[in-house]
Amino acid sequence: SASLVVVGNHGRTGTSRLLLGSVAEHVARLASCPVLIVPHGSDHPVAPGSAQFDRILCAVDFSDSSQQALAYGLSLAAETKARVTVLNTIAMPPELREAPMSYELGEALRTRVVTSQAQRLAALIPEDVRQYCTVETSVVEGRASPEILRVATATQADLIVMGAQGRGALALALFGSNAQDVVRRASCPVLLVRAAAA
């Protein structure tokens, strides 16, 4: 009945990872509770009695699991008065980027999408949370995992919180490339949270 699993990521890359896989990734795919993955050589060691996170990045794609992850991240932040960045990434469809349209029309559409996503993010933040921690929202354009890692570096995040999809055999396919890429490349711990069962 564990409520959290903490596991180290050995940092294998290339052929070694391909052949042996990652215990951390397997645990994250199969565990029913949140999994905290601490990378090999982390700049932010998690030591007994001192696991306090001051700068938390919560990646939100509005899925059930990412909203559950946000709630978890905000709860952690409220306990430690941390600074939280709530991030949403948008990827404009290639058809739209390649469509013949004026620069002004393209920028107007981009601004409209960013504004809409920013409003959705703001609506997810309970007002009372702001009494206990600092919360900023950000919407950026680009592929999710590189942008999550870029913003984590820019904000000096010492924890990334994001949703994990699926469980069991299906999770081998659904443990998304974004979560997998972030787990493999992050220099700080990554907390993966699954949506609560209905």
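The values are calculated or read from the model by the stated rules, or taken from the named source; none is laboratory data. Computed from a prediction, not measured in an experiment: that's the story for all the values here. Please note: Cβ atoms are built from the backbone with ideal geometry, for glycine as well, and neighbour counts cover all protein chains shown. Ligands, DNA and RNA are stripped out before the accessible areas are found, and what is left, the full protein with its side chains, is counted by its heavy atoms. Shrake-Rupley method; radii C 1.70, N 1.55, O 1.52, S 1.80 Å.
General observations
- Leading residue by the ranking (modelled with the lowest pLDDT) among those in the range 173-198 that are open to solvent by less than 60 Å² (accessible area, probe 1.4 Å) and in contact with a helix residue (DSSP H, G or I) (Cβ under 6 Å, 6 or more places away or on another chain): PHE175
- VAL140 satisfies every condition listed in (1) modelled with pLDDT of 90 or more; (2) of a type in the set (A, V, I, L, M); (3) open to solvent by 80 Å² or more (accessible area, probe 1.4 Å) except (3).
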